[in-house]
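Taking it in order: structure first as structure tokens, then the write-up.
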Amino acid sequence: MVLVAVFGAALLTAVLLSGLAARTVLSTSFLFLVGGALVSDGFLGLIHITPDSDIVAVTADLALFAVLFTDGMHVSFPKLRQNWKNPARALSLGMPLAFVGISLITHYLVGLDSTTSFLVGAVLAPTDPVFASAIVGRKEVPPKLRQLLNVESGINDGLALPLVLILIAAAGPTGGHAEASLGRIALELGLGLAFGAVLPLVVNGLVRFRLLGAEPKLQPLLPLATGIILYAACHLTHANPYLAAFSAGAVLTAVSPEAKTAFEPLGEALAELAKFAALLVFGALLTPQLFADLSWPGYVAVFLAIALVRPASMAVSLIGTQFDRRDRLVAAWFAPKGFASVVYGLLVLQAGIPQGEQAYTLIAVCIAFSIIAHSSTDVPIARVFDVEELAGIPEADAGTPPRLPNQAVQQDPRR
């Protein structure tokens, strides 16, 4: 109950300061992270949470599922068919480059063996949709850039999971059986995609029966019920819940735009609550001892992973695209690590591999610094695009897309 009281106090503080946070570098995410750290064993000792506590894995898993489900609803299949090349380049080139880069600096700077270093790279390579939504949800950011970050962060968690599981099997006591996991992993991914695609179609079909239909005030609960069933089905069958959540959100929007519109306010609020709860719990793991356990080469590796590897890998993947220099810089920088990496890092810790604790410490510190760095820069980045509003120019009509800065003078004919 102490944890509930702490969460309530942190939520009240975040709401009261949210107006200030929306205008400055102050971040509500940072407030929950610090709040969790302050009430943990490392400081006030009000709550006692360890990495193997069930609440850690559950809250991170729920937060990631909820955000992926709502983020999937922002995907437009017609627009994605027109602009699929940019997310494809980020996933097929940028993500592998980040994986290799993080693995190399982990091996040569921190001294982990090659398999464990590749495992750390696989855990930290994907970006997190929970924190990417800080940019994706801002209308002043160009739609093409928002779509790139949304699709990339929504899909790369699922793409990284098979590699994480294979490398855990290879690094663990039963490393010789890694190949035997391939079939099981492929089945989990396939089931996740299938559940995510089929369940919204089934629900949409039921709604269209003459004798059935949702009362207007209950319509927002229809996608919620779909998400709850999907979450339970995935965990009962060991299907991949993250691919299922993202694909279900996208399919639901495609087949029932009215359901997406009705659910959006409720869905965004629930996703925020899940995110805040997971941040509070994760913050409780950030004890002084955790940071003391990481060597100075580990901190150098963390800095390079955040400030160099991702920006460089994304910049390379976007060479030759129609993004201007500003858009490429934003896409390169905004690559937060978050709850997917938390879940995968806990898998590493619980697998019992020889260097699992060192790997988890590096992963946890990198996630903490990434959350702080990226959640405090979303407002300044958005303001770079929001020149018209800052200048006091009235917003465009609802049916007219907003102009980008200098669009009338320097319109790129390729965009």
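Of note:
- Of the listed requirements (1) more than 24 Å from the chain's Cα centre (by Cα); (2) at pLDDT 80 or above; (3) not charged (D, E, K, R), Ala368 misses just one: (1).
- Looking across the range 152-170 at every residue that is open to solvent by less than 10 Å² (accessible area, probe 1.4 Å) and of a type in the set (A, V, I, L, M, F, W, C), the one that is modelled with the highest pLDDT is identified as Val164.
- Every residue from the range 291-316 that is surrounded by 18 or more Cβ atoms within 10 Å (Cβ to Cβ) and touching a residue at least 40 places away in the same chain (Cβ under 8 Å): Leu294, Gly298, Ala301, Val302, Leu304, Ala305, Ile306, Val309, Arg310, Ser313, Met314
- Test: Leu212 is aliphatic (A, V, I, L, M), closer than 24 Å to Ala340 by Cα and at pLDDT below 85: no
- The sole residue among Ala335, Ala331 that is in contact (Cβ under 8 Å) with a residue 24 or more places away in the chain, buried (at least 19 other Cβ atoms within 10 Å of the Cβ) and in a loop (DSSP other than H, G, I, E, B) is Ala335.
- The range 200-247, subset in contact (Cβ under 8 Å) with a residue 24 or more places away in the chain and among the aromatic types (Phe, Trp, Tyr), residue most open to solvent (accessible area, probe 1.4 Å): Tyr231
- Set Leu304, Leu290, Leu308, Leu294: member being over 28 Å from Lys144 (Cα atoms) and at pLDDT 90 or above: Leu294
- Residue check, Phe282 surrounded by 15 or more Cβ atoms within 10 Å (Cβ to Cβ), closer than 26 Å to Ile47 by Cα and either modelled with pLDDT under 85 or not hydroxyl-bearing (Ser, Thr, Tyr) (or both): yes
- Cβ separations smaller than 6 Å between residues 6+ apart or across chains give the following pairs from the range 143-157 residues that are farther than 18 Å from Phe65 by Cβ and among the basic types (Lys, Arg) to residues that are in a helix (DSSP H, G or I) and open to solvent by 10 Å² or more (accessible area, probe 1.4 Å): Arg146/Val136.
- Of all residues making up the range 92-108, the number that are more than 19 Å from Leu167 (Cβ to Cβ) and surrounded by fewer than 22 Cβ atoms within 10 Å (Cβ to Cβ): 2
The values are calculated or read from the model by the stated rules, or taken from the named source; none is laboratory data. Everything numeric in this text was worked out from a predicted model, so none of it was measured. Cβ sites come from the backbone with ideal geometry, for glycine too, and all protein chains shown count toward neighbours. Note: accessible area is taken over every heavy atom of the protein model, side chains too, but ligands, DNA and RNA are not part of it. Shrake-Rupley method; radii C 1.70, N 1.55, O 1.52, S 1.80 Å.
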